[in-house]
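Enquirer: Below: one structure in structure tokens.
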Amino acid sequence: MPTSMETLLEVKNLKKHFPVSSSIPFKKSNQSVKAVDGVNFNVYSGETLGVVGESGCGKSTMARLINQLIKPTDGVVTFKNKNLVEMDAEMLRSTRKKIQMVFQDPYASLDPRLKVGQLIAEPLVIHKVETKESRRKRVEELLEIVGLNKRFADRYPHEFSGGQRQRINIARALALNPELIICDEPVSALDVSVQAQVINLLKQLQDQFQLTYIFISHDLNVVRYMCDRIAVMYLGKIVEIGTYEEIYSNPQHPYTKALFSAIPKKNPFEQKERIILKGTVPSPLNPPSGCHFHERCPVAMDICKAKAPKAITTENTHQASCHLVH
Amino acid sequence: MSESILNVKNLQVEFKSGSIITRAVNGVSFALNKNENIGIVGESGSGKSVTATSILRLIPSSSAKITGGEIILNGRDLLKLSNREMRKVRGNEISMIFQDPSTSLNPVFTVGNQLIETIRAHKKLTKKEAKQRAIELLELVGIPAPEKRINMYPHEFSGGMRQRVMIAIALACDPKILIADEPTTALDVTVQAQILNLMKDLQEKLDMSIIMITHDLGVVWEMCDQILVMYAGRVVESAKVEDLYHNPLHPYTWGLLESQITESQDSHAPLASIPGSPPDLSYEIKGCPFVDRCPYAQDICHNEAPKLIEPTEGHAVACHFQTETEKLERRENAYINGDTIRS
Ligand SMILES: Nc1ncnc2c1ncn2[C@@H]1O[C@H](COP(=O)(O)OP(=O)(O)OP(=O)(O)O)[C@@H](O)[C@H]1O
Ligand SMILES: Nc1ncnc2c1ncn2[C@@H]1O[C@H](COP(=O)(O)OP(=O)(O)OP(=O)(O)O)[C@@H](O)[C@H]1O
Ligand code: SF4
Ligand SMILES: [Mg+2]
Ligand SMILES: [Mg+2]
């Protein structure tokens, strides 16, 4: 946990509704996919905030909104006390240097025609940082930081394994001395032992450069190891947020309870009581009324169908949105 | 002793590209028992998928070749069957859920079409009967409103639902053996739990054995009776899951167990991992394939390949050092945080 609770990023009522093309020609559709639907949270300097939730619940969309890779339908993203949503292009460009992303697929995210050195230097070139010679030096320095040989600068990405490519991605993300790195499933595509190496690297870099992370993952054990706090998303909303201990030892939302009960066994002898959810994630095209979870919730009441629950603070930093929480 | 229904003996598979030969599978043997599940784990590229696809003889014939071994199913060697006989085995006796879902569902046909096609290829049913059966199968794998969903295309399904459709297709003809290659890796834990539950249910109903390939040991603890650890195209350890968990014998297995992040992992200590990378399988490996990464390698490991031996019944390992004291001494200082090693 960071010592100071200085807010680096503040997200308020963030929404992204993707328009859906109508099946009738020339008729404008008024349907939309509510991928992110009113999300609020803070990220403190130096912490790691984990984001978990079922496939399709809006995690990646939220990441892209924070970085302003896509424009929100509504809401505010404040980074170091400045609202990114209303910034002019020039200002946004220079602020965005401080927010970088690392993506899931280490194979797809590197242009195969560029050499590793060019790939890592690309952000420097785009932002016109440093001269050509000093860029080369910086690339070598970055390769060393992520534990790769500096001779690799002259090779192509296909010559590297998944773990090595993810290191290249991380070097690229570090090039502009960011303060916030959003990692979208950075280790999901990797082998267990390689995964451990990349996670160790991310932790070590965080200490070395005082980085703040938003860490999206579907592996709850990885999240526990990496994160100070976690946010649990369900269908475009954050349903629970708090420190890992708060949520793990005392989950409040029925979805969070089901999620944690679904972690695979830690040994062949463990007896697990599973809460198996019925059905699949409802479509964000027609989200259910009231609480988005009510159709699958094992303890839903009448009010859940009618009214969306508000976020209630249960202890310190722990908040949950469920009618059963007081 | 339980009765085995599938016996893989000394399987060898090679890929050829120009003059380069990759020995992807190099002498793999195992037996699958009736009503039991076997889990195959091992590093990426260790030959798990190639082993599985070779059992069904579905490796790309242009570049790959099964160069040795036997695959015995009900007294017949599958490697000696004609293509026609082999087609009957696929789906009817053994079916497979492939690692890459995009290769197994055709985007231009509806889900129903693909299911009905599979059913009719194996069973003498009318179109109408096959459709009825398809709806039943979708219902069985937990797809809501199957009568409607049957007319939809794969892209209209979420990832988890597509995975269930593939399971439905694999189960269409009541196979006795199901090979599932990373069936839940792309899914989140709640959907994974749903699908594993489903597979267990079906196993009981259909009296089926499963070969489960995964990199998640949690899935193995959940589903399997036996476990096979592969490294560089070879089996380096095999045992009952309980025995492997309590008493892993191979240094690679130790590394694998230590690299898994568990609930009790201290989040201030670095994770254990296995430094280095596996050997290039296009070169001949003289000694132990793990030698470059093994913290205990001795001269003999560089020069002589360790044989798969069975120090205790039912628990096999391929490593030169297997007396109790050797093992304990060496394991004491295994990997980074030796204190987390189970005793
Ligand atoms: N460009 C787009 N146009 C329309 N819908 C979109 C678009 N991008 C995402 N969506 C939809 O928004 C929802 C949220 O998607 P998102 O990729 O954010 O999910 P996710 O939580 O990251 O899932 P996963 O765990 O599978 O990566 C999904 O229903 C998706 O289909
Ligand atoms: N089509 C192919 N052409 C050439 N080599 C191949 C081909 N498919 C697999 N190989 C090689 O065979 C070896 C075993 O591959 P396989 O796919 O069985 O690994 P795996 O254990 O399933 O790995 P993963 O965990 O990544 O799925 C690898 O070294 C791989 O490079
Ligand atoms: S044979 Fe030698 S190199 Fe191979 S695993 Fe055993 S000790 Fe390590
Ligand atoms: Mg995503
Ligand atoms: Mg594979």
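The values are calculated or read from the model by the stated rules, or taken from the named source; none is laboratory data. Everything numeric in this text was worked out from a predicted model, so none of it was measured. Cβ placement follows ideal geometry from the backbone for every residue including glycine, while neighbour counts extend to all protein chains displayed. Surface areas here come from the heavy atoms of the whole protein model, side chains and all, with no ligands, DNA or RNA. Shrake-Rupley method; radii C 1.70, N 1.55, O 1.52, S 1.80 Å.
Enquirer: Please check chain B for the longest run free of trypsin sites (Lys or Arg not before Pro) that are loop-located per DSSP (anything but H, G, I, E, B) and have at most 16 other Cβ atoms within 10 Å.
Expert: Counting only loop sites that pass the neighbour cut-off, the longest clear stretch is B:125-285.
Enquirer: Still on this structure, please answer the following. When the chain is fully extended, how far beyond the present Cα-Cα distance does A:E122 get from A:E270, taking 0.36 nm per residue of separation?
Expert: Working: separation 148, 0.36 × 148 = 53.28 nm, distance 4.91 nm.
Contour length minus the Cα-Cα distance gives 48.4 nm.
Enquirer: Continuing with the same structure: So what are the range B:1-128's ellipsoid semi-axes, whole angstrom, largest first, if each one is the square root of 5 times an eigenvalue of the alpha-carbon gyration tensor?
Expert: So the three semi-axes of the range B:1-128 are 27, 20, 15 Å.
Enquirer: Holding the Cα-Cα limit at 18 Å, pick out from A:K115/A:K203; A:K12/A:K59; A:K59/A:K98; A:K12/A:K82; A:K115/A:K137; A:K12/A:K310 the pairs that are longer than that.
Expert: The answer is A:K115/A:K203; A:K59/A:K98.
Enquirer: Of A:L235, B:I177, A:L277, which is farthest on the positive side of the dipole of the protein assembly as shown, counting Cα position, with +1 on Lys and Arg Cβ, -1 on Asp and Glu Cβ, and the Cα centre as origin?
Expert: Positive-most Cα among the choices belongs to A:L235.
Enquirer: Here is a further query. Taking amide H atoms as placed 1.01 Å from N in the peptide plane, list the residues 5 or more away in sequence, or in a different chain, whose amide H sits under 5 Å from that of B:G68.
Expert: Residues meeting the criterion, in which the H sits 1.01 Å from N, are B:Q12.
Enquirer: How big is the antiparallel share of DSSP beta bridges in chain B, given as a percent to the nearest 5?
Expert: Of those bridges, close to 60 percent are antiparallel.
Enquirer: Hey, another quick one. Starting from the range A:195-297, pick out the trypsin sites (Lys or Arg not before Pro) whose DSSP state is loop and whose Cβ has at most 15 other Cβ atoms within 10 Å.
Expert: When the trypsin sites (Lys or Arg not before Pro) of the range A:195-297 are filtered for loop state and at most 15 Cβ neighbours within 10 Å, A:K272, A:R274, A:K278 remain.
Enquirer: Using alpha carbons only, how many angstrom separate the centre of the range B:172-240 from the centre of the range A:118-169?
Expert: The two parts, judged by their Cα centres, are 40 Å apart.
Enquirer: Sticking with the crude label model, points 7 Å out along Cα→Cβ, report the distance from B:L206 to A:E6 in nm, one decimal please.
Expert: Reported label-point gap for B:L206 and A:E6 is 5.9 nm.
Enquirer: Rounded if a/c is under 1.5, else prolate if a/b beats b/c, else oblate: with a ≥ b ≥ c from the C-alpha gyration tensor eigenvalues square-rooted, which is chain A? Don't jump to the answer; show the numbers that get you there.
Expert: Working: a/c = 1.80, a/b = 1.46, b/c = 1.23.
Taking the square roots of the gyration eigenvalues as a ≥ b ≥ c, chain A is prolate.
Enquirer: Using +1 at the C-beta of Lys and Arg and -1 at the C-beta of Asp and Glu, which of A:M301, A:T314, A:F260 has the Cα lying farthest in the positive direction of the dipole of the range A:254-326?
Expert: Value computed over the given set: A:F260.
Enquirer: Using modelled backbone amide H atoms (1.01 Å from N, in-plane), which distant-in-sequence or interchain residues come within less than 5 Å of A:T48's amide H?
Expert: Excluding prolines and chain starts, which carry no amide H, the hits are A:Y213, A:D228, A:R229.
Enquirer: Still on this structure: Per DSSP H run of n ≥ 4, the term is -39500 (n - 2.57); total these for the protein assembly as shown, divide by its residue number, and report the mean residue ellipticity at 222 nm rounded to 500 deg cm²/dmol.
Expert: Taking each H run of at least 4 residues, the total per residue is -9500 deg cm²/dmol.
Enquirer: When N is the residue count of the protein assembly as shown, what does its C-alpha Rg come to as a fraction of 2.2 N^0.38 Å?
Expert: 1.00
Enquirer: Mean shadow of the range B:224-299, computed from the convex hull of its alpha carbons, in nm²?
Expert: It is 6.4 nm².
Enquirer: Got a number for carbon plus sulfur as a percent of the protein assembly as shown's accessible area, 1.4 Å probe?
Expert: So the carbon and sulfur contribution to the accessible surface is 49 percent.
Enquirer: Where both residues lie in chain A, what percent of DSSP beta bridges are antiparallel, nearest 5?
Expert: 60 percent
Enquirer: Over every pair of different alpha-carbon atoms in the range A:219-326, take the mean of 1/r and invert it; report that Kirkwood radius in Å. Present the calculation step by step, with values, prior to reporting the outcome.
Expert: On the way: mean 1/r = 0.0679 Å⁻¹.
Value: 14.7 Å, from the Cα pair sum.
Enquirer: So if I place +1 on the C-beta of Lys and Arg and -1 on the C-beta of Asp and Glu, and nothing else carries charge, what would the dipole magnitude of the protein assembly as shown be about its Cα centre? I want it in debye, nearest 20. Walk me through the numbers before you get to the answer.
Expert: On the way: 79 positive and 77 negative charges, 572 e Å.
Dipole about the Cα centre, nearest 20: 2740 debye.
Enquirer: Given B:I211, B:S29, B:L187, which one lies farthest toward the positive end of the charge dipole of the protein assembly as shown, if we put +1 on the Cβ of every Lys and Arg and -1 on the Cβ of every Asp and Glu?
Expert: Going by the Cα projections, it comes out as B:L187.
Enquirer: Once a ≥ b ≥ c are taken as the square roots of the eigenvalues of the Cα gyration tensor of the range A:75-135, is the result rounded (a/c under 1.5), prolate (a/b larger than b/c) or oblate (a/b not larger than b/c)?
Expert: Oblate.
Enquirer: Sticking with this one: Taking every DSSP beta bridge with both residues inside the protein assembly as shown, roughly what % is antiparallel (nearest 5)? Intermediate results must be reported in sequence, preceding the final value.
Expert: On the way: 59 of 95 bridges.
In the protein assembly as shown, approximately 60 percent of DSSP beta bridges are antiparallel ones.
Enquirer: Return the long-range amide H neighbours of A:I312 (sequence gap of 5 or more, or a different chain), with a cut-off of under 5 Å between placed amide H atoms.
Expert: The answer is A:A320, A:S321, A:C322.
Enquirer: Debye sum, Cα scatterers, the range A:189-263, no solvent: what log₁₀ I/I(0) at q = 0.20, 0.23 1/Å?
Expert: Rounded to two decimals, the profile gives -0.94, -1.11.
Enquirer: Taking a quarter of the surface of the convex hull around the Cα atoms of chain B, what do you get in nm²?
Expert: 19.1 nm²
Enquirer: So how far apart, in nm, are the two label points at A:E90 and B:E117 if each is 7 Å from Cα heading toward Cβ?
Expert: Placing both labels 7 Å beyond Cα along the Cβ direction yields 5.8 nm.
Enquirer: Take the Cα radius of gyration of the range B:138-217 and divide it by 2.2 N^0.38 Å, with N its residue count; two decimals is plenty.
Expert: Taking the Cα Rg and dividing by 2.2 N^0.38 Å, one obtains 1.07.
Enquirer: Please give the direction-averaged projected area of the C-alpha convex hull for the range A:55-190, in square nanometres with one decimal.
Expert: Taking the Cα atoms of the range A:55-190, their convex hull projects to 9.0 nm² on average.
Enquirer: In nanometres, what is the gap between the two model label sites at A:E245 and A:D74, each 7 Å from Cα along Cα-to-Cβ?
Expert: Each label point is offset 7 Å from its Cα along the Cβ direction, giving 3.8 nm.
Enquirer: Using θ = phi - 60° and the Karplus curve 6.51 cos²θ - 1.76 cosθ + 1.60, what whole-Hz ³J(HN,Hα) does each residue of the range B:246-255 get, with Gly and Pro shown as x?
Expert: Calculated HN-Hα couplings, in order: 6, 9, x, 10, 8, x, 5, 4, 4, x Hz.
Enquirer: Placing +1 at every Lys and Arg Cβ and -1 at every Asp and Glu Cβ, with all other atoms neutral, what dipole size does the range A:254-326 have around its Cα centre, in debye to the nearest 20?
Expert: Result for the range A:254-326 is approximately 160 debye, rounded to the nearest 20.
Enquirer: For the protein assembly as shown, report the accessible area per residue in Å² (1.4 Å probe, heavy atoms, rounded to an integer).
Expert: I get 46 Å² per residue for the protein assembly as shown.
Enquirer: If you don't mind, another one. What residue among A:V198, A:V33, A:V20 shows peak mean-square fluctuation when chain A is described by a Gaussian network model with Cα springs under 10 Å?
Expert: Sorting by GNM fluctuation, first place goes to A:V20.
Enquirer: Need one number: buried accessible surface between chains A and B, 1.4 Å probe, both sides summed, DNA, RNA and ligands left out, in Å² to 100.
Expert: 3400 Å²
Enquirer: I've got another one for you. Any idea what the dipole of chain A comes to, in debye rounded to 20, about its Cα centre with Lys/Arg Cβ at +1 and Asp/Glu Cβ at -1?
Expert: Numbers: 43 positive and 34 negative charges, 171 e Å.
For chain A, the charge dipole is close to 820 debye.
Enquirer: Right, next: Can you list which of the DSSP-assigned H helices in chain A have a Cα extent of 15 Å or more along the long axis and an average Kyte-Doolittle score of at least -0.5?
Expert: In chain A, the long hydrophobic H runs are A:116-126, A:192-209.
Enquirer: Using DSSP to call loops (not H, G, I, E or B), can you name the GluC sites (Glu not before Pro) in the range B:1-102 whose Cβ has at most 15 other Cβ atoms within 10 angstrom?
Expert: Within the range B:1-102, the qualifying GluC sites (Glu not before Pro) (loop, at most 15 other Cβ atoms within 10 Å) are B:E3.
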